[in-house]
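Engineer: First the structure, which I've put down as structure tokens, then a few questions once you've had a look.
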Amino acid sequence: MTRSSSRSCSAAPSTTLAFSIALDTFDPEQSRGSVIIQVADTGVFFDELAAGLRAAHGRLPVTGIPRDHPAAAPPGHRRRVQRRRPRRQQLATTPAPGPCATNCAPCRTTTPSGPRSPTSTSPRPPTRTPSARRSRDDLTSGAAASSPWCRSSEEEPVVKHVLIVGGGYAGLYTAWGLQRRLRRGEARVTLVDPRPYMTYQPFLPEVTAGSVEPRHAAVSLRDHLRRTRVVAGQVTRIDHASRTADITTVDGSHWQEHYDELVVTAGAVTRVFPVPGIAEHAIGLKRVEEAVAVRDRILTSFDRAATLPPGPLRRRLITVTVVGGGFTGVEVFGETLSLATALLRRYPEIAREELSFHLVEATGRVLPEVTAGPGRWVVRHLRGRGASVHLDTQVRSAVDGHVVLSDGTEYDSGLIVWAAGNAANPVVATHTDLPLDARGFVTVRADLRVERDGQVVPHAWAAGDNAAVPDLAVGSGRRTVPNAQHAVRQGTLLAANLVATLRGHEPREYVHHSLGVVATLGLGHGIFQWRGIAVRGLLAWLMHRGYHVLAVPSVERKIRVLLGWLAAGAGGRDIVSLADTDTVTRTAARVPAAGDVAA
């Protein structure tokens with residue numbers, strides 16, 4: 001609707017003020033639309049008229065008056081106009097077809113050869129066209145042709161949708177990097193994970209011993225990804241051909257999520273063998289809940305054993321078996337052994353000889369990431385602390401807690417911890433059309449783009465434990481080992497590469513030279529190796545703590561972990577268990593079955 005009016009005043013009878021109000025798609029609730037004031041003679045009524053318009057239409061933008069006039073626009077609107085100005089200047093390279101039918105302000109300041117120079121100060125009389133007097137019906141029906149210079153005819157840029165599957169190391173650092181690098185309106189990011197936190201797994205062995213509080217080993221996703229949409233659910237299927245993913249939440253809701261870019265960082269699950277009794281009695285070590293369950297089982301077992309006379313049942317309660325001689329297995333074995341040894345001072349009813357700890361490894365050595373010499377030292381060190389280490393040995397059965405080993409050893413164990421390596425995530429291995437290697441991991445190039453038969457799969461990325469990433473630092477066709485060092489750095493690089501491709505640049509290849517390997521063997525005991533240099537004992541244990549307190553995400557978590565260590569050093573171990581002493585719940589701490597999803 002376009003209205004024209006003119007008024008005069010007794011104080012200035014020759015002063016006239018012509019103005020028009022264009023209500024093109026004006027919404028009073030959202031203050032959309034524009035008010036165009038064309039001044040024929042700025043008399044004494046100008047301030048009164050501008051104030052009246054603003055009182056009638058709220059914060060309706062006023063254009064066509066000098067920018068430096070105090071009534072030109074409210075402060076908030078002036079800032080919005082200044083932000084939009086570069087967009088109109090970008091259109092200066094496009095030939096101007098002329099003013100639009102609605103005679104908007106940008107069109108009135110446009111010459112046939114382009115927009116008016118921002119440096120020009122010469123006044124220009126307002127242009128009145130017949131089309132400016134069209135009725136409201138013509139304007140709302142689209143009968144009036146629009147010019148590209150009119151803001152209402154500009155096409156909104158398409159916002160890309162990035163879907164991240166999994167919130168582990170790689171997923172968190174990818175989302176973290178994207179929200180730092182992406183410009184506003186450039187892309188929106190969605191992260192899907194069943195849990196609202198990222199588990200810092202190197203701290204899980206210390207959680208089992210009570211050296212680290214369980215909450216301090218978890219990093220909140222929502223607290224750190226303020227500009228990321230976090231969905232508490234599971235991705236049950238990925239159809240990259242149609243760029244859709246099926247998502248199911250814990251309450252049973254299900255929908256299909258469409259995306260433009262896919263990032264697979266779902267992580268790996270615990271590798272489980274078909275050993276009788278393991279699924280029913282063993283506890284994995286991938287989650288904070290599992291580490292807490294291991295700690296509670298040891299503490300409640302000591303409480304129960306202290307009330308029993310010496311015998312088979314009492315010995316069973318304080319017998320611990322750890323299956324797997326990798327970093328996770330050795331660390332949890334050393335930490336729980338240290339915890340049990342310390343508990344003997346609080347339980348004088350139990351003798352040191354009654355403790356029984358067994359580490360079972362199917363190969364001939366432990367800690368395959370270190371060389372043979374430090375690996376043999378670790379075995380001697382654990383045996384020197386009273387533990388039994390079974391090399392080249394497999395678990396044949398664990399029915400009802402009765403462990404049968406391939407070397408003929410049999411005994412009853414009250415706690416079995418399964419840490420026998422990683423397996424491919426079932427969603428990635430069986431519920432996606434992405435290319436996989438023989439182990440079920442996503443095949444990627446060194447720049448973390450998914451690859452099929454030597455060709456890049458468009459708009460698909462993968463990193464972390466579920467991706468077969470070439471290790472260019474080692475060469476010879478090797479793949480990066482699944483650890484926190486690589487996952488964190490791969491997530492950071494993936495975010496940078498994804499943003500680079502969105503802006504038309506080439507991605508960079510992932511190359512990371514190892515900083516060495518370090519493992520804790522219990523309070524005051526550790527092992528560190530970098531190339532040919534090996535450090536053992538207390539110094540290695542301090543290096544382990546120093547490295548991981550720096551590596552855990554966020555300053556807030558670093559401070560909490562340090563304060564916890566200081567409190568433990570001053571007051572000793574906390575031996576309080578909140579578990580039920582009659583039935584220790586293992587629902588959240590069981591070994592994942594083949595169909596479980598761990599992100």
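The values are calculated or read from the model by the stated rules, or taken from the named source; none is laboratory data. These numbers were taken from a predicted model, which means no experiment stands behind them. With ideal geometry, Cβ positions are generated from the backbone for all residues, glycine too; neighbour counts draw on all protein chains shown. Please note that ligands, DNA and RNA were not included when accessible areas were found on the heavy atoms of the full protein model with its side chains. Shrake-Rupley method; radii C 1.70, N 1.55, O 1.52, S 1.80 Å.
Engineer: Looking only at segment 548-583, count every residue that is within 24 Å of the chain's Cα centre (by Cα) and open to solvent by less than 70 Å² (accessible area, probe 1.4 Å) and tell me the total.
Structural biologist: Count: 10.
Engineer: Restricting attention to segment 279-294, does a residue exist that is modelled with pLDDT of 90 or more, basic (Lys, Arg), at positive phi and in a loop (DSSP other than H, G, I, E, B)?
Structural biologist: No, segment 279-294 contains no residue that is modelled with pLDDT of 90 or more, basic (Lys, Arg), at positive phi and in a loop (DSSP other than H, G, I, E, B).
Engineer: Separate question: For segment 446-473, which residues satisfy the criterion of being surrounded by 18 or more Cβ atoms within 10 Å (Cβ to Cβ) and either part of a loop (DSSP other than H, G, I, E, B) or not assigned by the TED database to the domain that holds Leu498 (or both)?
Structural biologist: Asp447, Leu448, Ala463, Val469, Asp471
Engineer: While we're looking at this one, here's another question. Would you mind telling me which numbered condition in (1) open to solvent by less than 10 Å² (accessible area, probe 1.4 Å); (2) of a type outside the set (Ser, Thr, Tyr); (3) out of contact with any helix residue (DSSP H, G or I) (no Cβ under 8 Å at 6 or more places or on another chain); (4) under 16 Å from Ala429 (Cβ atoms) Gly233 fails?
Structural biologist: It fails just one condition, (4).
Engineer: Of the numbered conditions (1) closer than 24 Å to Pro202 by Cβ; (2) within 20 Å of the chain's Cα centre (by Cα), Trp461 satisfies every one except a single condition; which is it?
Structural biologist: (1) is the only condition that Trp461 fails.
Engineer: Next up: Output the qualifying pairs, or none if there are none: Cβ atoms under 6 angstrom, residues six or more apart or on different chains, first residue in segment 557-576 and in the same structural domain as Gly546 (by the TED database) and closer than 21 Å to Ile298 by Cβ, second residue part of a loop (DSSP other than H, G, I, E, B) and open to solvent by 40 Å² or more (accessible area, probe 1.4 Å).
Structural biologist: From residues that are in the same structural domain as Gly546 (by the TED database) and closer than 21 Å to Ile298 by Cβ, the pairs are Gly564/Glu213.
Engineer: Just to be sure before I move on: is Ala487 modelled with pLDDT under 95, under 30 Å from His358 (Cα atoms) and either outside any helix (DSSP H, G or I) or open to solvent by less than 10 Å² (accessible area, probe 1.4 Å) (or both) in the structure I sent?
Structural biologist: Answer is no for this residue.
Engineer: Before we move on, is Arg479 closer than 24 Å to Thr432 by Cβ, touching an Asp or Glu at 6+ places or on another chain (Cβ under 8 Å) and surrounded by fewer than 18 Cβ atoms within 10 Å (Cβ to Cβ)?
Structural biologist: It is true that Arg479 is closer than 24 Å to Thr432 by Cβ, touching an Asp or Glu at 6+ places or on another chain (Cβ under 8 Å) and surrounded by fewer than 18 Cβ atoms within 10 Å (Cβ to Cβ).
Engineer: Of the residues Leu313, Leu299, Leu339, only one is among the aliphatic types (A, V, I, L, M), touching a helix residue (DSSP H, G or I) at 6+ places or on another chain (Cβ under 7 Å) and farther than 30 Å from Ala424 by Cα; which?
Structural biologist: Leu339
Engineer: Determine which single condition Asp251 fails, assuming it passes every other condition in (1) out of contact with any strand residue (DSSP E or B) (no Cβ under 6 Å at 6 or more places or on another chain); (2) assigned to a helix (DSSP H, G or I).
Structural biologist: Condition (2) is where Asp251 drops out.
Engineer: Please work out which residue is farthest from Ala387 (Cα to Cα), limiting yourself to segment 308-326 and to residues that are touching a residue at least 12 places away in the same chain (Cβ under 8 Å), outside any helix (DSSP H, G or I) and not small (Gly, Ala, Ser).
Structural biologist: Ranking the qualifying residues of segment 308-326, first place goes to Pro310.
Engineer: Something else: Applying the selection to segment 240-267, what residues are touching an Asp or Glu at 6+ places or on another chain (Cβ under 7 Å), in contact (Cβ under 8 Å) with a residue 40 or more places away in the chain and loosely packed, with under 14 Cβ neighbours inside 10 Å?
Structural biologist: Ala241
Engineer: Another question, if that's okay. Just to be sure, is Arg383 in contact with a strand residue (DSSP E or B) (Cβ under 7 Å, 6 or more places away or on another chain), farther than 22 Å from Asn422 by Cβ and open to solvent by 10 Å² or more (accessible area, probe 1.4 Å)?
Structural biologist: yes
Engineer: Something else: Are there any pairs with C-beta distances below 7 angstrom linking a residue in segment 338-356 that is closer than 18 Å to Tyr411 by Cβ to a residue that is part of a helix (DSSP H, G or I) and aliphatic (A, V, I, L, M), with the two at least 6 apart or on different chains, and if so which?
Structural biologist: Close Cβ pairs (under 7 Å, with a partner that is part of a helix (DSSP H, G or I) and aliphatic (A, V, I, L, M)) amount to Ala340/Ile298; Ile350/Ala305; Ile350/Ala306; Leu355/Ala340.
Engineer: Identify the residue in segment 160-188 that is open to solvent by less than 10 Å² (accessible area, probe 1.4 Å) and in contact with a helix residue (DSSP H, G or I) (Cβ under 6 Å, 6 or more places away or on another chain) and, among all such residues, is farthest from Ile298 (Cα to Cα).
Structural biologist: Across segment 160-188, the extreme among qualifying residues is Leu178.
Engineer: Of all residues in segment 377-436, which are assigned by the TED database to the domain that holds Pro202 and among the acidic types (Asp, Glu)?
Structural biologist: Listed by number, the list holds a single entry, Asp433.
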